[in-house]
Amino acid sequence: MITREGLQLTPSDIEDRKLILRSSKSGKERETVFILQEVADHLREYITSRGTGSDQRIFPISYIEGRRPVSKVGKKVEIHLRPIKGVDILPGSAFTTDEVKNQI
């Protein structure tokens with residue numbers, strides 16, 4: 001899952017531990033991403049606390065606003081985080097180590 005896909009999620013895209021991606025990077029009409037139960041629980045709590053409607057975006061921010069805190073945390077731990085040739089990789093993504101190396 002890339003940042004853009006995560007920022008497009010709505011509460012109706014969540015089914016227990018599954019996230020349904022409606023316009024994925026692969027070009028498929030619909031893709032499924034599985035998340036940890038703890039992450040799913042926190043996500044539901046966050047949605048409830050914000051009163052997000054089922055058709056509203058969970059994270060109503062732009063890509064740049066989403067990348068800024070990630071970069072800031074990376075600097076604190078002395079890691080320079082950046083997209084690799086336009087491919088933004090998140091933990092648990094479908095990329096293999098070799099595919100990532102080929103992007104560098």
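Before moving on, here are some points about what is shown:
Table: residues versus (1) more than 13 Å from the chain's Cα centre (by Cα); (2) more than 27 Å from HIS80 (Cα to Cα).
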| position | (1), (2) |
| --- | --- |
| ILE2 | no, no |
| LEU21 | no, yes |
| GLN37 | yes, yes |
| ARG44 | yes, yes |
| THR52 | yes, yes |
| PHE59 | no, no |
| ILE64 | yes, no |
| ARG68 | yes, no |
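- SER26 being modelled with pLDDT under 85, more than 13 Å from the chain's Cα centre (by Cα) and polar (S, T, N, Q): yes
- The stretch 70-104 - residue that is of a type in the set (A, V, I, L, M, F, W, C) and at pLDDT 80 or above and, of those, surrounded by the most Cβ atoms within 10 Å (Cβ to Cβ): VAL73
- First in the stretch 42-69 and surrounded by 13 or more Cβ atoms within 10 Å (Cβ to Cβ), second anywhere and among the small types (Gly, Ala, Ser), Cβ under 9 Å, 6 or more apart: ILE58/GLY6; PHE59/GLY6; PHE59/GLY66; GLY66/GLY6
- Among the helices (runs of 4 or more DSSP H) confined to the stretch 1-84, the ones with at least 2 residues that are of a type in the set (Ser, Thr, Tyr) are located at 37-50, 63-76.
The values are calculated or read from the model by the stated rules, or taken from the named source; none is laboratory data. For clarity, every value in this text was computed on a predicted model and none was experimentally measured. Glycine also receives a Cβ, built like all others from the backbone with ideal geometry; neighbour counts cover every protein chain displayed.
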